[in-house]
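The values are calculated or read from the model by the stated rules, or taken from the named source; none is laboratory data. Bear in mind the structure is a predicted one, so any value in this text is a computation, not a measurement. Please note: Cβ atoms are built from the backbone with ideal geometry, for glycine as well, and neighbour counts cover all protein chains shown.
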Amino acid sequence: MGGACQYILGAIPETDMGILIKNPEAERAVRELAELTGESLTTAVEIAVRERLAAKRSEVRPHRPRTVAEMDAITKKYLTRLLWRAFCRRSPRPTSTRSTKFQALTCRSREDRH
């Protein structure tokens with residue numbers, strides 16, 4: 001065992017790997033918690049980790065401003081939709097020709113995707 005005691009504390013089901021604690025102070029804290037609660041080392045660690053995860057997940061994350069690239073992408077997407085809708089819904093339409101049939105088909109297929 002040597003100077004730094006190492007213990008495997010339970011298995012993680014997803015990976016079938018144990019947890020190795022190399023920090024003597026952390027090991028002492030886990031053992032004390034397990035002793036005070038009457039739980040096994042694994043259960044003490046599991047509950048403590050779940051409680052901390054729940055607390056962290058419930059914290060409100062600070063707002064992150066969007067980057068210029070993100071704003072450009074959003075603007076381009078919005079304007080593309082806006083222009084296609086305006087282009088496809090204009091009236092009156094010219095009489096039926098090959099190009100207007102293609103235009104009508106193109107507009108319908110684009111609107112169906114949005």
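Numerical summary
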item	result
Output for region 48-71, where each listed residue is at pLDDT 90 or above and polar (S, T, N, Q)	Thr67
Residues of region 31-60 satisfying the condition of being loosely packed, with under 14 Cβ neighbours inside 10 Å and not in a helix (DSSP H, G or I)	Gly38, Ser40, Glu59, Val60
Test for Glu25: is it surrounded by fewer than 10 Cβ atoms within 10 Å (Cβ to Cβ) and modelled with pLDDT of 95 or more	yes
Residue in region 1-19 that is modelled with the highest pLDDT, counting only those that are touching a Leu at 6+ places or on another chain (Cβ under 8 Å) and of a type outside the set (Gly, Ala, Ser)	Ile19
Inter-residue pairs, beta-carbon under 9 Å, first in contact (Cβ under 8 Å) with a residue 12 or more places away in the chain and in region 37-55, second among the aromatic types (Phe, Trp, Tyr), 6+ apart	Leu41/Tyr7
